[in-house]
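Trainee: Dumping the structure here so I can ask a few things about it.
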Amino acid sequence: MSTTHHGGCHCGAVRYTVTLPELDKAYACNCSMCRRAGWLLAFVPATAFTLDQGADALAVYRFHNHVIEHLFCKHCGIKSFARGPGHDGEPWATVNLRCLDDFDTQGLAIELFDGASV
Ligand SMILES: [Zn+2]
């Protein structure tokens with residue numbers, strides 16, 4: 001069963017709504033960006049993600065193959081989500097589960113996402 005969650009950055013400028021499937025694990029990515037930021041990730045189709053406010057507060061950082069938009073709030077610096085094409089070429093969003101208002105990450109298994117090898 002999927003559930004709808006709200007999340008965003010620290011200062012509140014960036015807010016989004018995301019519909020997640022029932023999760024039993026989160027991904028911890030070992031790429032040079034994510035291991036520094038300490039993200040716990042969930043990947044969703046772009047259709048399950050809505051940016052409610054803050055498009056003008058977002059700055060984009062790109063590296064490696066420059067495909068993924070690593071977005072952060074220009075005011076508070078928090079990286080609450082990213083977006084880009086998935087392996088299937090369709091648009092996906094990557095949500096930082098730690099940035100959701102009402103989501104308990106404690107019970108989740110942590111699985112390695114080997115972003116360093118992508
Ligand atoms: Zn912010």
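Rule-based calculations on the coordinates, nothing more; no lab input. Because the structure is a prediction, the values reported are computed rather than measured. For neighbour counting, all protein chains shown are included, and Cβ atoms are generated from backbone atoms with ideal geometry for every residue, glycine included.
Trainee: Considering only residues that are among the aliphatic types (A, V, I, L, M) and within 16 Å of the ligand (Cβ to nearest atom), look in the stretch 25-53 and name the one that is farthest from D88 (Cα to Cα).
Mentor: Of everything passing the filter in the stretch 25-53, A37 is farthest from D88 (Cα to Cα).
Trainee: Going through the stretch 30-70 one residue at a time, which ones are among the acidic types (D, E) and without any contact (Cβ under 8 Å) to a residue 24 or more places away in the chain?
Mentor: Matches in the stretch 30-70: D56, E69.
Trainee: Scanning for something in contact (Cβ under 8 Å) with a residue 40 or more places away in the chain, within 16 Å of the ligand (Cβ to nearest atom), of a type outside the set (G, A, S) and outside any helix (DSSP H, G or I), does the stretch 12-23 turn up at least one residue?
Mentor: Scanning the stretch 12-23 turns up at least one residue that is in contact (Cβ under 8 Å) with a residue 40 or more places away in the chain, within 16 Å of the ligand (Cβ to nearest atom), of a type outside the set (G, A, S) and outside any helix (DSSP H, G or I).
Trainee: To continue, here is another question. Just give me the residues in the stretch 54-97 being within 11 Å of the ligand (Cβ to nearest atom) and either touching a Cys at 6+ places or on another chain (Cβ under 6 Å) or of a type outside the set (A, V, I, L, M, F, W, C) (or both), in sequence order.
Mentor: Once the filter is applied, which keeps residues that are within 11 Å of the ligand (Cβ to nearest atom) and either touching a Cys at 6+ places or on another chain (Cβ under 6 Å) or of a type outside the set (A, V, I, L, M, F, W, C) (or both), the stretch 54-97 yields G54, A57, C73, K74, H75, C76, G77, I78, K79, S80.
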